[in-house]
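First the structure, in the form of structure tokens, and then the observations on it.
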Amino acid sequence: MLLEEGLAVIEGGGEAVLGRDDLADCLRRGPSVDEPLFRAASAVLSRTVGPWVFVRGIVEMTNACRKNCYYCGLRSDHSALPRYSMPFEEIAAAIESGWAAGLRSFLLQSGELLGEPHIALVEKVLRWADESWGDSVRMVLSTGELPRAALERLKAAGGGRYLLRIETSDPVLYAKLHPRDGLHRFEERIQCLRNLRKGGWQAGSGVLIGVPWQTEESLAGDLLFLRDFGIDMCGMGPWIEHSGTPLYASRHEAPSRERRVSLTLRMIALLRILMPDINMSATTALQTLTPTGLERGLAAGANVFMPNLTPTRYRLDYNLYEGKTVVPDRIEDVLDRMSARCAAMGRTVVPGEVGDPLHFTKAPPVYSPPGEEGVGDHDDQVH
Ligand code: 5AD
Ligand code: SF4
């Protein structure tokens, strides 16, 4: 079947298999493939996760990291970067500001640190959230590859979801993007993702899109990896140059920024088709490369956005890449603006929902927008 025919079948609710060649072909095509692709992804989204947009408030706890990924501004060799670590009270206050604005899901993000003080701090935040709000919030961690014992400890403390991007499913490309020093091992990363799933976490992953030397075949392989692994959540975004990192020197080997945006949107759409019931975010990196990244990501098939709750004075130092947007606005204003932007495209932001991925729960919920009756009452709403 031709790609366009397959996409039309998918849009109409039928079955069409997109194999590795179709996926790579779709990523390689000119702009005319976008419309049928996004229409198909949008139809799949409407039939499964629906028009709802979930919200996770991000707290970037510390920008310290033991690793040295060639693309990332937080890499340990980037000595020009001032490092910070938020104390417990500030982390709790940031989360409370999100709670007061109606958010019910929070993402604790940091570089990778294995020391006891860091793990104990994450554990303390999770216990505090659990004691404060119990099952009415979901705490999400994105704190790198942790040993099994630490993961078990954090799960017991109330952790529910974990995001660990594999960055690329291609071991050869992975080796080009990371130092060969024993700290950055592809197999160990995959093993950590497996441990998360075995440990009962809602497991999220994702890849970097448009890094130097990456091919469309490699990206097609990423999509199949994510599908075959059976992730529950996905965050994937374009690579963005950072002049303080080694990968900057190879920036001419990467696709243009415009092409990276286009590839990211197509990857989101294709993954929505391959995995109809996962949660997928319109990432900050996508929003950094295009001012309408939120709308474009959601239109391509994303259903999550993640406003930042980190105090403004720390935010610039969470410097994964250059040009990261720092909006000093109150979370209430950010939510209002996002809700209006989503409503304009027929989507409904539901900040008060924990938004468990359907892929994990297998239960089709129906949510009500804030202010309407029935929020949080799903008992008779399953259909
Ligand atoms: N551009 C885009 N994303 C980046 N990340 C790290 N560095 C960059 C960059 N230069 C992403 C990685 C990592 C996440 C925390 O941030 O995918 O998993
Ligand atoms: Fe550390 Fe993650 Fe950046 Fe790698 S990508 S240097 S692990 S923060």
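Flag set for VAL122, criterion: open to solvent by less than 30 Å² (accessible area, probe 1.4 Å), over 19 Å from the mean Cα position of the chain (by Cα), within 16 Å of ligand 1 (Cβ to nearest atom) and touching a residue at least 40 places away in the same chain (Cβ under 8 Å).
Could you please let me know if ALA41 is farther than 20 Å from LEU298 by Cα, in a helix (DSSP H, G or I) and touching a residue at least 60 places away in the same chain (Cβ under 8 Å)? So ALA41 does not fit the description; no. Filtered by the rule that a residue be touching a Phe, Trp or Tyr at 6+ places or on another chain (Cβ under 8 Å) and of a type in the set (Phe, Trp, Tyr), segment 60-87 gives TYR71, TYR84. Restricting attention to segment 13-28, the residues being open to solvent by less than 70 Å² (accessible area, probe 1.4 Å) and either aromatic (Phe, Trp, Tyr) or not in a helix (DSSP H, G or I) (or both) number 5. In this entry, ARG251 is excluded by the filter for residues that are open to solvent by 20 Å² or more (accessible area, probe 1.4 Å), more than 19 Å from GLU295 (Cβ to Cβ) and under 18 Å from the mean Cα position of the chain (by Cα). Within this structure, GLU217 passes the test of being more than 16 Å from ligand 2 (Cβ to nearest atom) and at pLDDT 95 or above. Out of all the residues in segment 87-106, which are buried (at least 22 other Cβ atoms within 10 Å of the Cβ) and within 23 Å of PRO147 (Cα to Cα)? PHE106, the sole residue that qualifies. Pairs meeting the criteria (first residue in segment 68-94 and charged (D, E, K, R) and more than 15 Å from ligand 2 (Cβ to nearest atom), second residue assigned to a loop (DSSP other than H, G, I, E, B) and open to solvent by less than 50 Å² (accessible area, probe 1.4 Å), beta carbons under 7 Å, at least 6 apart or on different chains) are GLU90/PRO311. Could you tell me whether segment 133-143 includes any residue that is within 16 Å of ligand 1 (Cβ to nearest atom) and of a type in the set (Ser, Thr, Tyr)? For segment 133-143, residues within 16 Å of ligand 1 (Cβ to nearest atom) and of a type in the set (Ser, Thr, Tyr): present. Give ARG330, ARG272, ARG266, ARG315 a once-over and let me know the one that is within 19 Å of the chain's Cα centre (by Cα), within 19 Å of ILE95 (Cβ to Cβ) and either more than 16 Å from ligand 1 (Cβ to nearest atom) or open to solvent by less than 30 Å² (accessible area, probe 1.4 Å) (or both). Being within 19 Å of the chain's Cα centre (by Cα), within 19 Å of ILE95 (Cβ to Cβ) and either more than 16 Å from ligand 1 (Cβ to nearest atom) or open to solvent by less than 30 Å² (accessible area, probe 1.4 Å) (or both) holds for just one of ARG330, ARG272, ARG266, ARG315, which is ARG315. Among residues of segment 176-192 that are closer than 19 Å to VAL211 by Cβ, those with a Cβ under 6 angstrom from a residue that is within 14 Å of ligand 1 (Cβ to nearest atom) and open to solvent by 50 Å² or more (accessible area, probe 1.4 Å), sequence gap 6+ or separate chain, pair up as LEU177/TYR70.
The values are calculated or read from the model by the stated rules, or taken from the named source; none is laboratory data. Values in this document were obtained by computation on a predicted structure and should not be read as measured data. Virtual Cβ from ideal backbone geometry, glycine too; neighbours counted across all protein chains shown. Only protein heavy atoms, including side chains, enter the accessible area calculation; ligands, DNA and RNA are left aside. Shrake-Rupley method; radii C 1.70, N 1.55, O 1.52, S 1.80 Å.
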